[in-house]
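Only one structure is covered here, and it is reproduced in the block below.
The values are calculated or read from the model by the stated rules, or taken from the named source; none is laboratory data. Everything quoted here is computed from the prediction, not taken from an experiment. Here the Cβ positions follow ideal geometry from the backbone for every residue, glycine too, while neighbour counts run over all protein chains shown. Each accessible area value is taken on the protein alone, full model and side chains, heavy atoms only, with ligands, DNA and RNA left out. Shrake-Rupley method; radii C 1.70, N 1.55, O 1.52, S 1.80 Å.
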Amino acid sequence: MNIYYKQLMDFKGADELRELIKRWDILSDNIKKRSFDSPIVLPDLFVYTCPGYGNTNLISLLADYLDSKGNLMSFYGDVKYFEFRLDYFRPDQDFSDLYRLIESAESCAGFRNEFRGIIRINIDEWVGHHKEKHFLDFLQFLQVNTAHWLILLTLSDHSENDQTREMESVVSMYLRIEKLTLHMPSDVDLVEYASDYISKFGLEFSEDAKTVLAESVNVMRSNKYFYGLHTVTDLCNDIVYSLFSRSADVGSVITKDMLADFSADSEYIKRTVIKIKKTATIGF
């Protein structure tokens, strides 16, 4: 089994993505069996995601998967993908972000004459402005280049509603798109993610430690500024740091007692909730 396929199948909160990858796998097999006069171009994606989901890791895996298939799209340039946030510009302003996007693509091409790969573009700031000329110019630019790019237009701060559905409709006039929704993983999935992450350090959680961890995660995610996998990763890193900096004899199993400083009512969790509130808007 393709290793990247398996990793994409393991992504939490991504049922629609998994179904898409299954269809792409079938498409790849059919392309191998037949000869086509013209290449089959993948549709671009209109993605509802959420802050802290792990979007960069997902895009990286998606690029590796498509590259490994060899017949779904081609990659050309110094990198397989890049990410871009499209800032809002009023109609009376110069739309400099379009030039910045062009420069980013040229930079990723390196010494080659063009970039071919995946581009993830966050369009949060354009919800409600999707009929304005700047946004339509942006879509026209994408339309010209979509044959060489797999474009992911992502909304990370907006749920599906009348405005975003109307935006999706406007986009579909310029691009062939499929809509995907990525959901924040459940507490159970986040604990499983933490278990997988902690295993990189030769550690594992006991069952009672997983219960403590689940309670702590539940407290953190109850805050509206919870930053998903990023926050859980920080928690795991702090657990590892604490264990290995306090004892010269750390076993491989993390018990409930060893997580006392990270329990739901600990000072650490209280501080983390405050920290999340302060930093959730930073980063991509």
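Taking only Cα atoms, what is the 0 to 90° angle, nearest 10, from helix 96-109's long axis to the longest principal axis of the chain?
Rounded to the nearest ten degrees, it is 80.
Going through the cross-link list LYS22/LYS80; LYS12/LYS256; LYS22/LYS131; LYS12/LYS80; LYS131/LYS179; LYS22/LYS256, which pairs have a Cα-Cα distance over 28 Å in this structure?
Beyond 28 Å: LYS22/LYS131; LYS22/LYS256.
How much length is gained on full extension from ASP29 to ALA248, taking 0.36 nm per residue of separation minus their Cα-Cα distance?
The ASP29-ALA248 span can extend by a further 73.6 nm.
So what are the ³J(HN,Hα) numbers for the stretch 110-116, from phi and the Karplus equation (6.51, -1.76, 1.60; θ = phi - 60°), rounded to whole Hz, Gly and Pro as x?
x, 7, 7, 7, 7, 9, 10
One-quarter of the Cα convex hull surface for the stretch 156-263, in nm²?
8.7
Quick check on packing: order 23-30, 259-266, 156-163, 11-18 by the mean number of other C-beta atoms within 10 Å, highest mean leading.
On the way: 23-30: 14.0, 259-266: 15.5, 156-163: 12.4, 11-18: 17.8.
Peptide ranking by packing, descending: 11-18, 259-266, 23-30, 156-163.
In the chain, what percent of the accessible surface is made up of carbon and sulfur (1.4 Å probe, ligands and nucleic acids excluded)?
For the chain, the apolar C and S fraction of the accessible surface comes to 50 percent.
Could you state the accessible area per residue of the chain in Å², with a 1.4 Å probe and every protein chain left in place?
52
Put a dot 7 Å past each Cα toward the Cβ at HIS183 and GLU166; how far apart are the dots in nm?
My value for the distance between the label points is 2.8 nm.
If R0 is 22 Å, what FRET efficiency do you get for TYR76 and ASN237 from their C-beta distance, rounded to 0.05?
Efficiency at R0 = 22 Å is approximately 0.05.
Where the Cα atoms of the stretch 79-170 are projected onto their three principal axes, how long is each span, largest first, in whole Å?
That works out to 42, 28, 21 Å along the principal axes.
How large is ³J(HN,Hα), in whole Hz, for each residue of the stretch 65-71 in order, when computed from phi with the Karplus curve 6.51 cos²θ - 1.76 cosθ + 1.60 and θ = phi - 60°, using x for Gly and Pro?
For the stretch 65-71, the Karplus-derived couplings read 5, 5, 5, 5, 5, x, 9 Hz, x marking Gly and Pro.
In Å, what Kirkwood hydrodynamic radius results for the stretch 145-206 from the alpha-carbon pair distances?
By the Kirkwood definition, the hydrodynamic radius is 15.1 Å.
If you line up the Cα atoms of the chain on their principal axes, what length do they span on each, largest first, in Å?
For the chain, the Cα spread along each principal axis is 62, 51, 38 Å.
Return the sequence-ordered ³J(HN,Hα) values of the stretch 23-33 in whole Hz as given by the Karplus equation 6.51 cos²θ - 1.76 cosθ + 1.60 applied to θ = phi - 60°, using x for Gly and Pro.
With coefficients 6.51, -1.76 and 1.60, one gets 5, 5, 5, 5, 4, 4, 5, 5, 5, 5, 7 Hz.
Enumerate the amide H contacts of PHE205 below 5 Å, restricted to partners 5 or more residues apart or on another chain; note that Pro and chain-start residues carry no placed amide H.
For PHE205, whose amide H was placed from the backbone, the distant partners under 5 Å are ILE254.
Quick check: residue separation of ASP94 and GLU19 times 0.36 nm, minus the Cα distance between them. What number comes out in nm?
Result: 22.9 nm gained on full extension.
For TYR241, TYR5, TYR76, TYR81, what's the largest-to-smallest order of accessible area, 1.4 Å probe?
TYR241, TYR76, TYR81, TYR5
Given a Förster radius of 41 Å and the C-beta distance between ARG271 and ASN113 as r, what FRET efficiency does 1/(1 + (r/R0)^6) yield to the nearest 0.05?
Given R0 = 41 Å and the Cβ-Cβ separation, E is 0.20.
How much mean residue ellipticity at 222 nm does the chain get from its helices, if each DSSP H run of length 4 or more adds -39500 (n - 2.57) and you divide by all residues, to the nearest 500 deg cm²/dmol?
Result for the chain: -15500 deg cm²/dmol, rounded to the nearest 500.
Please give the helix 207-221 orientation as an angle from the longest Cα principal axis of the chain, in degrees from 0 to 90, rounded to the nearest 10.
50
So what is the relative contact order for the chain, in percent, with contacts set as C-alpha pairs under 8 Å and at least six apart?
22
What ranking, highest mean first, results for peptides 90-100, 108-118, 168-178, 182-192 when packing means the other Cβ atoms within 10 Å averaged over each residue?
The peptides rank, most packed first, as 182-192, 108-118, 168-178, 90-100.
With angles folded into 0 to 90 degrees, how steeply does helix 133-145 sit against the dominant principal axis of the chain? Use alpha carbons for both and round to 10.
80
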